[in-house]
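Student: Mind having a look at this structure? Questions to follow.
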Amino acid sequence: ENEHFAGRKVLAGLMKADAIWSSPHTRALQTALIGLRPLHTSPMPTSPTPSPSAGRAATTAATAGTETAAAAADGAPAYEASASGSISRETGNEDAQKGSTLPIRLKPAAREKKNLGGFDTIGVCRGERCLLRAMSELQPHMPADTLEQMRFTCVEATEVERKWWSGMRDSKQQLHQRMAALLEEIRASPHSSIVLVGHSHFFREFFRAYLNDKWREASPHVATDLCKHRIPNCSVACCQIDFSVGPQVITDVSLYSPDVYVKLTAGASNPTLCVKGEPVSPTANAALRLYARQPFAPITVAGQEVL
């Protein structure tokens, strides 16, 4: 029960974000498009004219106490170009409740760590084509009305107009320079809460570099999970960042990993439903396709309702 409450608290915090940053890799952008739909997508507008207040930055400076929610995206998304209109949800940031939506900003510094032979860390498109590719690969798996709503999502791709990936393995120095650049962007941003959608290997190195020693001592088991193991697909790590404490700026982390998520694989005709990280039967996958069309229909696996 406490774990369930903690998970709900992390996800509620996610919905209060005032900025969405994403790695430009297709699977990360797909995760942002699907998992963060309440933040960036509203009901289809009668006119495609963007709202003047859409994506307004919070007035609180991102210095001590900045909150960053890091969502791991490897394996592609969980469940499920500017928008205007109203969003109705129980919790969320003030702008969203007033009807504005957040743009998704593509951040090349958040791309996955390039390991030896890591072909899935090499980009294939730039600029607005990143969104077009992500949407085209989602098309076989998503209901038409959902895709139509997502078509109005604002994706800011100015930072990825040029080649943003490397064909060479990241050296330790190169990776740390990139992490430091991303952290400086967070420090200099006007946002108080940022959702950063990225990748497990990158986040593991990020936590190794910036987790505060006092928090490691207070939460050794979670610290070990973050620094030694891959964050599971579709997980959310809610981080408190305090730039006044020195180089190890991450002073607190709440980690939420769903027991049930959907995995899309390039070239596969159907998505796969995973329970506790393991793929389930084709019968459950059929239920998944029903769920995609009827969002409130439960999914049952081995007689147990899991969604």
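Student: Please compute the net charge surrounding Phe207, taking Lys and Arg as +1 and Asp and Glu as -1 over other residues with Cβ under 11 Å from its Cβ.
Tutor: +2
Student: Show me, for the range 239-244, the HN-Hα J-couplings you get by feeding each phi into the Karplus relation (A = 6.51, B = -1.76, C = 1.60, θ = phi - 60°), rounded to Hz, glycine and proline as x.
Tutor: Ordered by residue, 3J(HN,Hα) equals 10, 9, 10, 10, 6, 8 Hz.
Student: Past the 19 Å Cα-Cα mark, which pairs from Lys163/Lys228; Lys113/Lys228; Lys113/Lys163; Lys172/Lys228? Present the calculation step by step, with values, prior to reporting the outcome.
Tutor: Numbers: Lys163/Lys228 31 Å; Lys113/Lys228 15 Å; Lys113/Lys163 16 Å; Lys172/Lys228 16 Å.
From the list (Lys163/Lys228; Lys113/Lys228; Lys113/Lys163; Lys172/Lys228), the Cα-Cα distance tops 19 Å for Lys163/Lys228.
Student: Quickly rank 245-251, 29-35 as a protection proxy: mean count of other C-beta atoms within 10 Å, highest first.
Tutor: For the peptides 245-251, 29-35, the packing ranking is 29-35, 245-251.
Student: For the ranges 17-28, 203-214, 154-165, 171-182, what's the packing order if you count other beta-carbon atoms within 10 Å of each residue, average per peptide, and put the highest first?
Tutor: Peptide ranking by packing, descending: 17-28, 203-214, 154-165, 171-182.
Student: Another question, then. What does the charge count around Leu226 come to, taking other residues whose C-beta lies under 13 Å from its C-beta (Lys +1, Arg +1, Asp -1, Glu -1)?
Tutor: Neighbourhood net charge equals +2.
Laboratory data are not the source of any read-out in this text; all were calculated from the coordinates shown. Note that the structure is a prediction, hence the values are computed from the model and not measured. Reconstructed Cβ throughout: ideal geometry from the backbone, glycine too, with neighbour counts over all protein chains shown.
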